[in-house]
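In what follows, a structure is listed as structure tokens, so that the remarks can point back to it.
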Amino acid sequence: MASELSDDELGMCDPTLVNLLEQTSLKWIFVGGKGGVGKTTTSCSLAVQLAARRSSVLVVSTDPAHNLSDAFGQKFSRKPTPVDGFDNLFCMEIDPKADAEEMTEAAAAAETASAGGADGGLGGIGSMLKEFSSSIPGIDEAMSFAELMKHVQSMEYETIVFDTAPTGHTLRLLSFPKLMDGALGKIMDLKDKFSGMLGGILGGGQQEAMLGKLDELRAVVDRVSAMFKDPDLTTFVCVCIPEFLSLYETERLVQELTNFEIDVRNVVVNQVLFPEPGTQCRRCLARQAMQGKYLDQIEDLYEDFHVVHTPLLDEEVRGAERLGLFGQHLMVPYVVPDARVAAATGSTTTARAARAAARADDGRRGGLRATAEC
């Protein structure tokens, strides 16, 4: 019988998200990945686990195709709404594009009001902001995200979980500090060169008001950028499934996050088909073999990450109760009971999960049934 090796001796991190619960300094947790891999389920389940250990938790959806309402089975809006059955867990859904349009309209309305109801004209602050937000690709979403971050920073929540849109959209949002910094820098350069012309067009008061808004926005961008790059405050959880396209996109996401200097050390692999002893189902065995190939690649790529495997389930994960049960798989590795004997085999991945499960209380893993092979 092979001797039992510790996780440290195997060179592997704990295959759970317990590290997120233990790091009480975390303020922002982003959850993202390819579309359809279970980002919303993971973010909501993680939020339920956090709510048991934090004074207050907010889940924010930045995906225009919101799913928080579907996941919890209740309607949410752009204002924080308490989740049924919780007094410290809240959800809100925002639309970056719609919020950007409202921001420019609000600026125009404020300008008209300050002018005593007169039309500010094309030279007004609102028009300037509208032109600015439509002249640079992606700047409208970046401005909206800056406003969201400004709003979120003022909220008294201990931890905020972001349920993000699919990878490409998320990367655009996370790159907004760099985009905004460059855009605002160019505007300030133009202001220095054409300050006299702007003063003649806008008038001294409106020029100062517009520049004041831009300075305020730039200060928000600088603060958010610093928070994004602080691993004590911000981290990103990548979600995938054991298939080629998902693995490829996850690796691209990890590389981009590294370029943005955003902490990423957790990968959740959903829809894993765990082996059932004695199965004769050819399709199940073929799919298990396919998944096994990509699971091995994930372990090789992210050997210094916390890699969590969650099982393919028999039923949907909807409602706070089921989300709480699914969240237990994020905190204690799931293995089928007979897989405990794998701790004595040569499979380091299975052995690690089996030992962790054997140490855990069975009651913490129960509740949702994994899909069994035929």
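The values are calculated or read from the model by the stated rules, or taken from the named source; none is laboratory data. The model shown is predicted, which means the values in this text are computed figures rather than measured ones. Note that we place each Cβ from the backbone using ideal geometry, even for glycine, and neighbour counts take in every protein chain shown. Just the protein is used for accessible areas: all its heavy atoms, side chains included, with ligands, DNA and RNA removed. Shrake-Rupley method; radii C 1.70, N 1.55, O 1.52, S 1.80 Å.
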**Q.** Count of segment 224-249 residues which are in contact (Cβ under 8 Å) with a residue 12 or more places away in the chain and part of a helix (DSSP H, G or I)
**A.** 9
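Does segment 52-59 contain any residue that is free of Cβ contacts under 8 Å to residues at least 24 places away in the same chain, outside any helix (DSSP H, G or I) and open to solvent by 20 Å² or more (accessible area, probe 1.4 Å)?
So the first thing to find is which residues in segment 52-59 are free of Cβ contacts under 8 Å to residues at least 24 places away in the same chain, and the list is 52.
If we keep only those that are outside any helix (DSSP H, G or I) too, we end up with 52.
The next check asks that each one be open to solvent by 20 Å² or more (accessible area, probe 1.4 Å); those that pass are 52.
The answer is yes; a qualifying residue exists.
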Q: From Val267, Val272, Val307, Val254, grab the single residue that is in contact with a strand residue (DSSP E or B) (Cβ under 9 Å, 6 or more places away or on another chain) and within 20 Å of Arg172 (Cα to Cα).
A: Val254
Q: Give the number of residues within segment 12-62 that are more than 13 Å from the chain's Cα centre (by Cα), farther than 16 Å from Thr234 by Cα and among the hydroxyl-bearing types (Ser, Thr, Tyr).
A: 3
Q: Check off (1) out of contact with any helix residue (DSSP H, G or I) (no Cβ under 7 Å at 6 or more places or on another chain); (2) open to solvent by less than 20 Å² (accessible area, probe 1.4 Å) for Gly73 and give me the number that stays unchecked.
A: (2)
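Yes/no matrix, rows are residues, columns are (1) closer than 17 Å to Val161 by Cβ; (2) at pLDDT below 95:
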{"residue": "Ala2", "(1), (2)": "no, yes"}
{"residue": "Leu5", "(1), (2)": "no, yes"}
{"residue": "Glu9", "(1), (2)": "no, yes"}
{"residue": "Asn19", "(1), (2)": "yes, no"}
{"residue": "Gly33", "(1), (2)": "yes, yes"}
{"residue": "Thr41", "(1), (2)": "yes, no"}
{"residue": "Gln49", "(1), (2)": "yes, no"}
{"residue": "Phe86", "(1), (2)": "yes, no"}
Q.
One residue is enough: does segment 250-269 have a residue meeting the conditions closer than 20 Å to Val31 by Cβ, in a helix (DSSP H, G or I) and among the basic types (Lys, Arg)?
A. yes
Q. Quick one: how many residues across segment 88-117 are surrounded by 19 or more Cβ atoms within 10 Å (Cβ to Cβ) and modelled with pLDDT of 85 or more?
A. 5
**Q.** Odd one out for Gln271 among (1) out of contact with any Leu (no Cβ under 9 Å at 6 or more places or on another chain); (2) open to solvent by 10 Å² or more (accessible area, probe 1.4 Å); (3) within 25 Å of Leu313 (Cα to Cα)
**A.** (1)
Q. Of (1) at pLDDT 75 or above; (2) open to solvent by 40 Å² or more (accessible area, probe 1.4 Å); (3) more than 30 Å from Gly319 (Cβ to Cβ), Pro166 satisfies all except one. Which?
A. (3)
